[in-house]
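This report concerns only the one structure given below.
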Ligand SMILES: Nc1nc2c(c(=O)[nH]1)N[C@H]1C(S)=C(S)[C@@H](COP(=O)(O)OP(=O)(O)OC[C@H]3O[C@@H](n4cnc5c(=O)[nH]c(N)nc54)[C@H](O)[C@@H]3O)O[C@H]1N2
Ligand SMILES: Nc1nc2c(c(=O)[nH]1)N[C@H]1C(S)=C(S)[C@@H](COP(=O)(O)OP(=O)(O)OC[C@H]3O[C@@H](n4cnc5c(=O)[nH]c(N)nc54)[C@H](O)[C@@H]3O)O[C@H]1N2
Ligand code: SF4
Ligand code: SF4
Ligand code: SF4
Ligand code: SF4
Ligand code: SF4
Ligand SMILES: [Mo]
């Protein structure tokens, strides 16, 4: 129970003043932004967190999830000690860490000896390294998989191919900002919103294109509802307008673009008028947006996006290509108010302490980057939604899940449940997530983020910031459970496996070595929480080079041509279309106060859900009227693979062709009592498909039939 | 003597709810107890739609109906303008809740109708209220009108201001920017 | 005074049953569900217990008011009822206080009403007037029992002023706040006075009949008693007519009010969430039925008047529930930009715990009254 409830507030405040309150820097673990936070600890207990003013993702501001997730230290859904599965009915028995290490280590050894090290899969949320790679290098496994195919692999893959890496928007100087399927106010990066609202206050124009009147639309100058799945047509219409009306930056294109003519050859007939018939936005409006962008260029951008379109449709790859093409036509690369690459730096590494034999690397179990399988998919990210398939085919025998929950974050949970058929499944979560409960043979809980010190991270990405930042987590709280840090878990496992000294350092030592080359001391980092290095990415007029084969922005992708595809994008329709009066496209999105799928057991965040009726599925009022559905009614939603019941929110703010689900709910782990059974999830309705080129899940190629009633 | 007021620009609010929970952890409130709410209004017909989100909390009225009706003086106003509740004196009659035009009060575990405290014990040390500092859209500005350096002077001068339910003449200490949308 | 033995009657068991219900409700509130035992919310902070409090408090003052026709206004035929009227008044007021004490989360902090009173608060004055009234009631009852009519009458004069103030002030508790515009203004003080007379007449009608039944041969059967019964019935009928007129005017003007909140509240009353309690209980059971009964019996059947009294009280209970809820049923309009949503009402339904406490209070009154009836000599002989 929170302390203040037991006394009156003055006493509470007094106590806060007199009790020893310490302030420890850390990084929020609520989402990939890893915002810098200060944890306030009073009498050994977490009191609250505040944002770190320096950190480029938060700039002192913390979102609702950040506050909630910090309090998860005390969440009853935590796994409090190592667990071993005892039956097929999700019953577990607590074991000691020593037992866990010995049993898991022995099984690992047996599997590697019998089947080879390449049968190991490490699947994690990913992003900021783990210690697994070093072990996998030794036993010869290549299959390090991240969640990206469920998030935004169309985007990163295409940017790598066409530009040589990601570029990010500079809000501060922008005069026109076009957001298409990118809702910064719902898929939150706090500092981005701060800068967007500030830019608006300075006169910057915000245009939001989204089938749904999303949170960002509330502060936009204009909301343009688009037919879901047709953004590619809208983009082609804009590009066509820019080119035919000579509004594009010709000198930029001449200097820095490769493949313009090829692109134009294939698309010169795709006018704004044709786009209009597909995307439902008037041709004049499409032209107006193009002119508006061109008028402000280069201080204008089309936001590169995040999740919103980048793992959603059969045409997501081409849509991402057009995103780059439009920005290139605006000539905004390296321009104030345009797009910039991320600033970065390199850390030092502790000296290797393992000198034993190293096995040759096997092929990737998911086929990412492999000839004849998924050659275009980035092997650094992999294809997480097909792990059951790899197991069935004997390509994967032991699977580790670290901070990752594909049973809920990947499509088709019933299919994902087959993961438990592997010879060995180990999950390293902090709570009883579905993957652990339904598939793991062993659960090895990691400490909550406020309970751990970690190696440092470079803070960059997604939004422009001229200088690199370096930050890390310092242990703010003693662990209240018998969970461990990842490093200690890896040490225990590898030692039991038979490798004595793979990680021959403590995290403190690692931290010091890492910071060495950039001249920052651990104490300084602890004091400031986040350190900003010298600005290194500033506007450039001349001499731009891009990390592609030609050194230019390539409108035509060579790797695609090699595989027999057309190198440039052309119109590709969505895979499926609604046909009947009671059919809709099922689309989804982030809710500002929930993170993916991992916050539904948080009492604070769920109280907001309760109050805001946050689990409801949105439906356009005229469609609802036709079906006789009213606010709060239960409906049955059926797709090819399942049928579920949910309550409906009626709104004017949604394209009539789709229904929209907040993407967070549908928790089905009974051990997460608060979230269990609340709402439904889009992943329930879609089969586990793989996009041929970039491996994403096509999360919105889903038609559902909706009938009134059901509960 | 300080003279605390808050400025809220609902035109910037996107309804993230961070203010609510930042306040809850600041004050150790239970999850369902909250001192600030978001009033959401959707207007218009598809595709011409608008949404306005107005954050509402105790307005620290200078002519506070809650204070007028409180039989024991448990609800009182500090000289710096902040309206507080002395839990020791509160009989829990809930008259203040009935009288408050802003729905600002919630009953806590002790049967005391609590509400936003303007972070009273913290702002006197120059700290910023939790709901203000956490807000990514800078919807809220808190300050002391007796401080000539406060950005509030400019804001209050240059904005079209309204006060909630000005017709009731409660003299709130929260000033809202006029809605540009609804 | 002769010693009498308490005889258990059907009333004893009925009242004990009702009390047991209340105990269960109280256990639910204090030991099991806490605040959730009651249906109140931040949107509707005042619920059935405040209504119950008003019901009992107004009945107490009303009984005192009509009862004082004997002592103060020297209407002789009422004097036979003096003791019972005073006792009923005391018990009703105690019931009111008990219900209020359960409603208050921290009743023991009421000393601060004395230590740091806020003179502008009508609830403070409510405490003052009703507290004082209770003291006066005890005094008047004491001297009446001692047959010291001089002292009793003296007190009764003061008491009349105090109780009138108390009722009017009780109306002010609601009318004081401009926030709840349905209550705002002078109507509720007046409503309280009129309904006090109605409930006083109803309570005394009932007592008169019952006391007559208990000791056959006493006044309710004799001509003097029948005359009193008729007068009480006529007061009751007259009161009900005025009350109905008042309510009709209130609802009518509210419906036509330019103030949306007021009009909406009246809508909620006649066709919204309160429609059934309003039309069925408040109007039909509480006004139309008793009037019909009284009229058809030509005011001269103590037995039928008794039933009219019961129905009236039942109707009044719902009237209290309705008006307390009606004041809070329309969501507060916090921003003036919003187009007012029509027919969106704050929800409130009394929980069984809340009902149990009101019903238990009735049980307590019956129990003590029955006990006193057999232990004390409440018949007045002049
Ligand atoms: N249903 C659904 N699916 C989605 C999304 C969605 O919104 N809804 N979003 C998509 C997107 S954009 C993304 S990025 C992915 C994310 O997909 P995931 O990475 O699978 O999901 P998360 O919710 O971020 O967290 C996964 C698990 O991490 C664990 N965890 C949390 N903190 C810690 C910690 O400190 N240590 C350890 N060891 N474990 C921890 C939790 O147990 C949680 O279950 O999902 C994609 N798929
Ligand atoms: N609150 C919150 N914030 C987060 C996260 C979180 O889980 N919760 N996760 C973080 C992560 S990992 C990510 S990837 C980002 C995601 O950030 P975003 O990509 O901005 O988030 P989404 O809500 O997935 O998608 C954005 C919008 O796309 C719209 N959309 C759906 N279909 C279409 C379409 O066909 N066309 C167009 N134009 N729009 C469409 C949706 O309505 C939604 O409003 O958020 C990050 N921040
Ligand atoms: S955006 Fe919110 S949840 Fe994500 S890291 Fe930042 S504070 Fe945490
Ligand atoms: S934190 Fe700011 S943007 Fe978020 S809901 Fe509160 S006021 Fe609105
Ligand atoms: S907003 Fe309500 S609680 Fe706050 S001072 Fe005004 S009347 Fe009192
Ligand atoms: S509940 Fe407490 S603070 Fe509110 S009016 Fe009653 S005594 Fe005053
Ligand atoms: S000012 Fe302080 S008490 Fe009031 S809502 Fe903000 S954080 Fe809560
Ligand atoms: Mo993501």
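Just so you know, all these numbers are worked out from the coordinates, no wet-lab data involved. This is a predicted model, so every value here is computed, not measured. Here the Cβ positions follow ideal geometry from the backbone for every residue, glycine too, while neighbour counts run over all protein chains shown.
Brief remarks on what is shown
- Rounded tilt (10° steps) of A:97-115 against the dominant C-alpha axis of chain A: 60
- With the simple model of a label 7 Å out from the Cα in the direction of the Cβ, residue A:580 to residue C:355 spans 4.5 nm.
- For segment C:82-151, the relative contact order works out to 49 percent when only alpha carbon pairs closer than 8 Å and six or more residues apart are counted.
- Within the protein assembly as shown, percent of DSSP bridges classed antiparallel, to nearest 5: 60
- Each residue of segment A:350-488 gets 187 Å³ once the volume of the Cα convex hull is shared out per residue.
- Our note on the geometry: Cα centres of segment A:459-523 and segment A:608-641, 45 Å apart.
- Chain A: angle of helix A:283-296 to the longest principal axis, Cα-based, in degrees nearest 10: 70
- Summary value for chain C: 31 percent relative contact order, contacts being C-alpha pairs under 8 angstrom separated by 6+ residues.
- Of interest is the spacing of the C-alpha centroids, which for segment A:386-435 and segment C:64-133 amounts to 71 Å.
- The stretch between residue A:21 and residue A:246, if pulled fully straight at 0.36 nm per residue, gains 74.8 nm over its current Cα-Cα span.
- Hydrodynamic radius by Kirkwood, which averages 1/r over all alpha carbon pairs of segment B:76-126, in angstrom: 11.8
- Note on segment A:248-376: Cα-only Rg and Dmax are 21.1, 67 Å.
- Cβ-based exposure ranking for A:418, A:107, in which fewest neighbours within 10 Å come first: A:418, A:107
- Percentage relative contact order, segment A:628-711, counting C-alpha pairs under 8 Å, at least six apart: 38
- Using all pairs of distinct alpha-carbon atoms, the Kirkwood hydrodynamic radius of segment A:643-711 works out to 14.2 angstrom.
- Unit Cα scatterers, Debye sum, segment A:11-163: log10 I(q)/I(0) for q = 0.11 Å⁻¹: -0.74
- Separation of the residue A:137 and residue A:264 label points, Cα + 7 Å toward Cβ, nm: 4.8
- Taking every DSSP beta bridge that has both ends in segment A:618-688, the antiparallel portion is near 70%.
- Overall form of chain A: rounded. Here a/c, set by the Cα gyration tensor axes a ≥ b ≥ c, is under 1.5.
- DSSP-defined antiparallel bridges as percent of all bridges, segment B:2-175, nearest 5: 90
- Gyration tensor (alpha-carbon) shape descriptor, segment A:505-582, a/c threshold 1.5: prolate
- Highest average packing first - C:243-251, B:114-122, Cβ atoms within 10 Å: B:114-122, C:243-251
- As a rough footprinting exposure proxy, the listed residues A:215, A:527, C:373 were ranked by other beta carbons within 10 Å of their own, and the order from fewest upward is A:527, C:373, A:215.
- Top of C:61, C:12, C:178 by mean-square fluctuation, Gaussian network on chain C, Cα under 10 Å: C:178
- Helix axis angle, C:149-175 relative to chain C longest principal axis, alpha carbon, degrees: 10
- In this simple spin-label model, placing a label point 7 Å from the Cα along the Cα-to-Cβ direction at both residue A:277 and residue A:361 gives a separation of 4.9 nm.
- Number of partner chain Cβ atoms within 10 Å, mean per residue of C:110-116: 5
- Residue mean of other protein chain beta carbons inside 10 Å, A:190-199: 4
- Chain B: most fluctuating residue of B:139, B:56, B:124 per GNM, C-alpha cutoff 10 Å: B:124
- One Cα centroid belongs to segment A:536-558, the other to segment C:229-290; the line between them spans 80 Å.
- Value of [θ]222 nm, deg cm²/dmol, for chain C, DSSP H segments ≥ 4, -39500 (n - 2.57) each, nearest 500: -23000 deg cm²/dmol
- Scattering profile of segment B:2-175 at q = 0.17, 0.18 Å⁻¹ [log10 I(q)/I(0), Debye over alpha-carbon scatterers]: -1.12, -1.25
- Sorted ascending by nearby beta carbons within 10 Å, beginning with the fewest, A:638, C:199, A:409 become A:638, A:409, C:199.
- For the protein assembly as shown, the spherically averaged projection of the C-alpha convex hull amounts to 53.9 nm².
- Computed from the Cβ-Cβ distance with R0 of 30 Å, the FRET efficiency linking residue C:255 to residue C:43 stands at 0.85.
- Remark: mean inter-chain Cβ contacts per residue of B:82-92 equal 5, using a 10 Å Cβ-Cβ cutoff to other protein chain atoms.
- Rounded, prolate or oblate (a/c below 1.5 giving rounded, otherwise prolate when a/b exceeds b/c) for chain C by Cα gyration tensor: prolate
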